[in-house]
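To keep things clear, I will list the structure first and then write my remarks on it.
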Amino acid sequence: MEEIENRLAALAPRGVMCAFHLRYSRPMRHLMTYPSDWIDTYTRENLIACDPVAIWGIRHTGAMRWSALEGRVPDPLDVFAKGRAHGLAFGAVVACGPPQSRTVCGFGRDDRDYTDAELARLEALVVKAHDLLEQRHTLRPILLSALEAIGCGMTYDQAAAHLGISRTALRYRLRTAQEALGAADTQDAIRRAVDAGLLSSNSFTGISRGLPTGPAAPEVSGRPSEGDAASASP
């Protein structure tokens, strides 16, 4: 991935923005090398809400020059004009993958527009990166459902009953998911799955990651104990 990202950056003198595998509004991997002043403006003014490049990438696949989008896709927040003021006079967008796991990348230049050959090269590299990440971060549905059950706050017994499997089978699935994600334990595997967009952040675990933490609550009878968690770890 680093080699691919370096090659993409070399083709974009004014920076790159790539969101690989957008799932549940989260990218599995993110690359950002745009100028810091442009990133500050883009973030402060929430330009993502009406960015023609992002809108086109979410709705289409392929490669397109920014100049071909201007005037065709609504730009109520003047994203293109504001980008030019920060040195992004020319650029291209590349998108690939299904809607539920879309990769969208933007590439900026300040000197000239992209040639057809350069567009084809950008698209080939983005598709290669998309496929590579898909191979690395694919979990079988039965493993995801096991993580999701525990992530929603179920006890081991409740999760096993919900999935229609034994407690031993549940532990095996959790351990297999941990190994696949390179996680230290079940909770780490759930966090990694949420960050990778494999699980929805609307689960109890995903939502709680954005909340302030308070004093530790007393252990509730029936929830998995530290011993249970340890026994479920590799």
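Quick check, is residue 165 in contact with a helix residue (DSSP H, G or I) (Cβ under 9 Å, 6 or more places away or on another chain), modelled with pLDDT of 90 or more and part of a loop (DSSP other than H, G, I, E, B)? Yes: the conditions hold for residue 165. In this structure, is residue 151 within 19 Å of the chain's Cα centre (by Cα) and small (Gly, Ala, Ser)? The answer is yes for residue 151.
Scan region 15-45 for residues that are on the phi > 0 side of the Ramachandran plot, touching a strand residue (DSSP E or B) at 6+ places or on another chain (Cβ under 8 Å) and aromatic (Phe, Trp, Tyr) and report the count.
Looking only at region 15-45, we keep the residues that are on the phi > 0 side of the Ramachandran plot, and these are 15, 21, 24-25.
Remaining after also requiring touching a strand residue (DSSP E or B) at 6+ places or on another chain (Cβ under 8 Å): 15, 21.
Retained after the next criterion (residues that are aromatic (Phe, Trp, Tyr)): none.
The total comes to 0.
Being open to solvent by less than 60 Å² (accessible area, probe 1.4 Å), part of a loop (DSSP other than H, G, I, E, B) and among the polar types (S, T, N, Q) is the filter here, so list the residues in region 116-153 that pass it. Within region 116-153, none qualify. Residues in region 168-190 that are of a type outside the set (Val, Ile, Thr), open to solvent by 10 Å² or more (accessible area, probe 1.4 Å) and either part of a helix (DSSP H, G or I) or closer than 13 Å to residue 142 by Cβ (or both): 169, 171, 172, 173, 175, 179, 180, 181, 187, 188.
The values are calculated or read from the model by the stated rules, or taken from the named source; none is laboratory data. Note that the structure is a prediction, hence the values are computed from the model and not measured. No Cβ is skipped: glycine too gets one built from the backbone with ideal geometry, and neighbour counts run over all protein chains shown. When the accessible area is computed, the model is the full protein with side chains, heavy atoms only, and any ligands, DNA or RNA have been set aside. Shrake-Rupley method; radii C 1.70, N 1.55, O 1.52, S 1.80 Å.
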